[in-house]
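One structure is given below, encoded as structure tokens.
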Amino acid sequence: MERTFIIIKPDAVQRGLIGEIIKRFEQRGLRIIGMKFMQVSRELAEKHYAVHKERPFFNSLVEYITASPVVVMALEGTDAVAAARNTIGATKPTEAAAGTIRGDFGLEIGRNLVHGSDSPENGLIEVANFFTEEELVSWERNNDPWIFE
Ligand code: DAT
Ligand code: MG
């Protein structure tokens, strides 16, 4: 089953939106296989955002994600990457559709509340960057047959 990696970013944690955001992924049907509250180190932030290293906003991105604690999640499900990104909404919150997390709670690109992997390959890489194998739980939900056909 496809995996994706989610960060509930510092602004969302500070604004008390952890539960609201988890709820949206949960009700979508994605299965949580890992979750923790943590402070991201500068080193891990730079690794996570390495593809953006040459972009002018790289430093502010690292400052933002390390500014205060986050919640990280590993999710599994049918087309988990695309499903999660559609639930999150467009990168720029003012362009994100209403009903998405960014469209409902955000205004600025540098305060866009949530990260979601952009490909199945990166989903696996990012989950492995933030979770040890022991922190991931393989399990079956009782209602899986009513969500996964
Ligand atoms: P996403 O988070 O939607 O996957 P991305 O991977 O292109 O977007 O960029 C990662 C983060 O970097 C994004 O959430 C916010 C920031 N960012 C992207 N483009 C930006 C820009 N043009 N100016 C400022 N910040 C930007
Ligand atoms: Mg991205």
Scan segment 94-121 for residues that are in a helix (DSSP H, G or I), in contact (Cβ under 8 Å) with a residue 60 or more places away in the chain and not β-branched (V, I, T) and jot them down. F105, R111, P120
Going through segment 99-119 in order, the residues found to be more than 25 Å from F130 (Cα to Cα) and either within 11 Å of ligand 2 (Cβ to nearest atom) or out of contact with any Gly (no Cβ under 9 Å at 6 or more places or on another chain) (or both) are F105, L107, E108
Some residue of segment 86-93 being in a helix (DSSP H, G or I) and among the charged types (D, E, K, R): no
Consider S60 against the criteria (1) in a loop (DSSP other than H, G, I, E, B); (2) in contact (Cβ under 8 Å) with a residue 12 or more places away in the chain; (3) loosely packed, with under 14 Cβ neighbours inside 10 Å: it satisfies all of them except one. Which criterion is unmet? (1)
With the first residue restricted to segment 25-43 and required to be within 18 Å of L124 (Cβ to Cβ), and the second required to be open to solvent by 50 Å² or more (accessible area, probe 1.4 Å) and basic (K, R), Cβ contacts under 9 Å at 6 or more apart or on different chains are I33/R3
For segment 64-75, check the following and say yes or no: at least one residue is more than 13 Å from the chain's Cα centre (by Cα) and within 15 Å of ligand 2 (Cβ to nearest atom). yes
Scan segment 87-98 for residues that are over 27 Å from R42 (Cβ atoms), within 14 Å of ligand 2 (Cβ to nearest atom) and not aliphatic (A, V, I, L, M) and report the count. 1
Scope segment 125-145; condition in contact (Cβ under 8 Å) with a residue 24 or more places away in the chain and either more than 15 Å from ligand 2 (Cβ to nearest atom) or of a type in the set (V, I, T) (or both); matching residues: V127, F131, E135, L136, V137, S138, W139, R141, D144
Hey, could you check segment 77-128 for residues that are of a type in the set (D, E) and within 29 Å of D144 (Cβ to Cβ) and say which is least open to solvent (accessible area, probe 1.4 Å)? E126
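The values are calculated or read from the model by the stated rules, or taken from the named source; none is laboratory data. All values derive from a computational prediction rather than experimental measurement. Glycine also receives a Cβ, built like all others from the backbone with ideal geometry; neighbour counts cover every protein chain displayed. Ligands, DNA and RNA are excluded from the accessible area calculation, which covers all protein heavy atoms including side chains. Shrake-Rupley method; radii C 1.70, N 1.55, O 1.52, S 1.80 Å.
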